[in-house]
Amino acid sequence: MDIRPIGIFDSGLGGLNVLKEIRKKLPKEDIIYLGDTKNFPYGNKTKENIIELSKNNIEFLIRKNVKLIVIACGTATSQALEEVKDKYSVPIVGIIEPTVEKIKENEKKQKIAVIATTGTIRSRAWEIELKRKIPKVEVISSACPLLAQMAEEGWTENEIARLTVKEYMKPFKNKEIDKIILGCTHYPVFTKLIWKELEGKVEIVDTGEKVAEYLEKLLKKYNLQNEQNNKKQEIYLTERQEKFKEIAEKLLGENIQIKDIEMY
Ligand code: DGL
């Protein structure tokens with residue numbers, strides 16, 4: 001048993017989609033969330049920059065005494081996880097491996113689409129992991145750089161969102177895809193639009209759920225579960241954003257307090 005909190009970070013509010021799933025699966029765990037809003041978006045930054053920002057986020061969470069860190073950001077997972085995972089005293093988990101582990105349980109031939117930020121697609125991290133774990137997989141990837149920005153803006157259900165999703169789904173239309181992975185944690189808010197655009201024929205894979213299932217097993221394996229029931233949750237931002245609170249509350253379905261930090 002370990003009552004220290006789980007640390008989670010993302011460039012903004014996308015990681016809250018992961019936090020939500022972790023809370024559902026592991027309701028007794030305390031959570032500290034960091035949104036690096038000052039440096040949002042990560043999607044178009046260089047790998048070196050993303051590594052440096054990820055290290056800052058990890059070190060902040062370690063100072064908060066977390067027992068484990070979840071990189072709830074596809075961009076940071078794809079470009080910084082390898083670099084940081086063995087450098088710190090706490091386990092660090094990204095979103096790619098837990099998702100692919102789960103998909104792999106279905107061994108049959110699969111055609112999988114991946115949508116993510118420009119940086120994630122450039123890294124080919126999803127494709128490499130999928131091909132490593134599922135020999136017969138066919139992968140089609142495409143970057144959707146505007147979606148994370150629109151999610152931060154709360155533009156997830158309007159006409160602009162619909163048209164943007166329509167445009168981004170073009171490479172996948174009539175391609176007989178089995179699954180589409182939302183490879184950026186900002187994208188689950190567009191699930192309905194994506195589903196409609198692909199005519200409900202494709203399974204939409206949300207990384208949050210898979211990460212939560214993976215964490216449950218990991219905490220058990222290393223005897224790190226919290227058996228107390230405090231449900232403490234702290235949300236920090238590197239820079240206060242006008243709309244963050246409102247959008248985050250809608251996403252989480254509850255009122256939240258936001259704390260500011262000075263880290264840079
Ligand atoms: N939520 C992030 C991801 O999963 C990135 C969005 C961004 O900062 O560009 O990739």
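Listed cross-link partners Lys108/Lys170; Lys220/Lys259; Lys170/Lys192 are compared with a 28 Å cut-off, the Cα-Cα value being larger for Lys220/Lys259.
Residue ranges 250-259, 181-190 sort as 181-190, 250-259 when ordered by packing (mean number of other C-beta atoms within 10 Å per residue, highest first). In terms of its C-alpha gyration tensor, segment 126-264 comes out oblate, because a/c is 1.5 or above while a/b does not outweigh b/c. Highest mean packing first, where packing is the average number of other Cβ atoms within 10 Å per residue, the peptides 241-249, 211-219 line up as 211-219, 241-249. For the residue pairs Lys102/Lys136; Lys111/Lys133; Lys24/Lys55; Lys111/Lys201; Lys111/Lys175, the C-alpha atoms sit more than 19 angstrom apart in Lys24/Lys55. Separation of the alpha carbons by more than 21 angstrom is noted, of Lys104/Lys166; Lys217/Lys245; Lys67/Lys231; Lys67/Lys250, for Lys104/Lys166; Lys217/Lys245; Lys67/Lys250. In the chain, Cα pairs under 8 Å separated by at least six residues give a relative contact order of 28 percent.
The long axis of helix 74-84 is offset from the longest Cα principal axis of the chain by roughly 50 degrees. Quick check on segment 44-101: take the gyration tensor over C-alpha atoms, sort the square-rooted eigenvalues as a ≥ b ≥ c, and tell me if it's rounded (a/c under 1.5), prolate or oblate. Taking the square roots of the gyration eigenvalues as a ≥ b ≥ c, segment 44-101 is oblate. The chymotrypsin sites (Phe, Trp or Tyr not before Pro) of segment 21-110 meeting both criteria, a DSSP state outside H, G, I, E and B (loop) and at most 15 other C-beta atoms within 10 angstrom of the site's C-beta, are Tyr88.
The amide H of Ile32, built 1.01 Å from its N in the peptide plane, has Ile6, Gly7, Ile8, Glu234 as neighbours under 5 Å, considering only residues 5 or more places off or on other chains.
Put simply, the chain fits an ellipsoid with semi-axes of 28, 21, 18 Å; these come from the alpha carbon gyration tensor as the roots of five times its eigenvalues, largest first.
Read-outs throughout are calculated quantities, based only on the coordinates presented, and are distinct from any laboratory measurement. Remember, it's a predicted structure, so these values are computed and weren't measured experimentally. Neighbour counts run over all protein chains shown; Cβ positions are idealised from the backbone, glycine included.
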